[in-house]
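This report concerns only the one structure given below.
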Amino acid sequence: MAGVVIVWCVVVDEAVEGSHQSIMFNMGQVCCAGSRTYVHESIYDEFVKRSVERAKKRTTGDPFNAANENGPQVQLESLVHSLSRSVANSPWLVACLMWQFIWGQLFEIF
């Protein structure tokens with residue numbers, strides 16, 4: 001956890017982008033992520049407004065598409081291992097996954 005201090009004399013757009021990147025870099029999974037932002041009261045309202053706008057513009061999706069800023073944060077092998085353990089220990093989960101698969105196939109058909 002790290003703090004980001006925004007003072008009154010900054011260029012607000014640059015401060016917004018810097019603050020945004022400080023928490024979102026590596027999807028926030030970094031020990032020095034800027035998880036606390038302290039903003040001078042004279043620019044607080046404008047900073048918050050622009051920060052919200054910037055966060056809403058953040059793109060997610062395929063991590064191999066350069067247009068996306070965020071992608072999945074799990075390795076396929078880890079996911080398969082966790083699911084296989086869960087399925088082996090829960091017949092109910094198997095039934096639920098099968099139902100979701102069948103339901104999803106129906107939506108693709110129609």
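Read-outs throughout are calculated quantities, based only on the coordinates presented, and are distinct from any laboratory measurement. Remember, it's a predicted structure, so these values are computed and weren't measured experimentally. Glycine gets a Cβ as well: all are built from the backbone with ideal geometry, and neighbour counts include every protein chain shown.
Assuming 1.567 mPa s and 4 °C, estimate D for the stretch 3-57 with Stokes-Einstein, Rh taken as the Kirkwood radius over Cα pairs, in µm²/s.
115 µm²/s
What's the FRET efficiency of N70 with E41 using the Cβ-Cβ distance as r and R₀ = 25 Å, to the nearest 0.05?
Details: r = 31 Å, r/R0 = 1.25.
Efficiency, rounded to the nearest 0.05: 0.20.
For the stretch 20-71, state which chymotrypsin sites (Phe, Trp or Tyr not before Pro) are in a DSSP loop and have at most 11 other beta carbons lying within 10 Å of their beta carbon.
Here the sparse-neighbourhood loop sites are F64.
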